[in-house]
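Student: Attaching a single structure in structure tokens format; questions to follow.
The values are calculated or read from the model by the stated rules, or taken from the named source; none is laboratory data. What you see is a predicted model; the values in this text were computed from it and never measured. Cβ sites come from the backbone with ideal geometry, for glycine too, and all protein chains shown count toward neighbours.
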Amino acid sequence: MKVSATLPIIAALCLALLACPTGSVSAHANEAPGVCSADEPRDMTNDLLWRWRAHQSLSCLISKLEAVRDRPSVSGRDQVTLTRGEVDELLQLAWSGRDSAQRIAR
């Protein structure tokens, strides 16, 4: 699967979800590399917890997409290749962010 075809779709989803007001949770595209392994806070209300989960899922997705984008291009072309496992992982993060954002709206 080509990143060039899926990147705009995933980026649009990320931007739409990050545009939601997040209260005390900030949305930064340039998170630390450990953003995907952050421990879930225990002292948050349900609303803030779902916002935090959406932020974490999308921040992890963005950092992984940036890492893929920074890979050397294939044969001098402006393309990179993803394994099926990588696509599954990115989709899981996108679905998790979407689920969390939907729960915020309830």
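Student: Where the second residue is surrounded by 10 or more Cβ atoms within 10 Å (Cβ to Cβ) and not polar (S, T, N, Q) and the first is under 12 Å from residue 64 (Cβ atoms) and at pLDDT 55 or above and lies in the stretch 29-45, which pairs have Cβ atoms under 7 Å and are six or more apart or on separate chains?
Tutor: 35/60; 36/60
Student: Quick one: in the stretch 85-104, of everything that is without any contact (Cβ under 8 Å) to a residue 40 or more places away in the chain and not acidic (Asp, Glu), which residue is farthest from residue 62 (Cα to Cα)?
Tutor: Applying the first criterion (without any contact (Cβ under 8 Å) to a residue 40 or more places away in the chain) to the stretch 85-104 yields 85-86, 88-89, 91-93, 95, 99, 102.
In the following step, the residues that additionally are not acidic (Asp, Glu) were identified as 85, 91-93, 95, 102.
Details: 85: 17, 91: 12, 92: 13, 93: 9, 95: 13, 102: 19 Å.
Going through the qualifying residues, I end up with 102.
Student: Could you please find all residues in the stretch 32-56 being assigned to a helix (DSSP H, G or I) and of a type in the set (Asp, Glu)? Outline the logic, then answer.
Tutor: First pass over the stretch 32-56, keeping only residues assigned to a helix (DSSP H, G or I): 33-37, 46-56.
Scanning the stretch 32-56 gives a single hit, 47.
Student: Separate question: Is at least one residue of the stretch 87-102 of a type outside the set (Phe, Trp, Tyr), part of a loop (DSSP other than H, G, I, E, B), over 10 Å from the mean Cα position of the chain (by Cα) and surrounded by 13 or more Cβ atoms within 10 Å (Cβ to Cβ)?
Tutor: no
Student: Right, next: Name the single residue that is farthest from residue 36 (Cα to Cα) among those in the stretch 66-78 being assigned to a helix (DSSP H, G or I) and touching a residue at least 60 places away in the same chain (Cβ under 8 Å).
Tutor: By that ranking, first place goes to 69.
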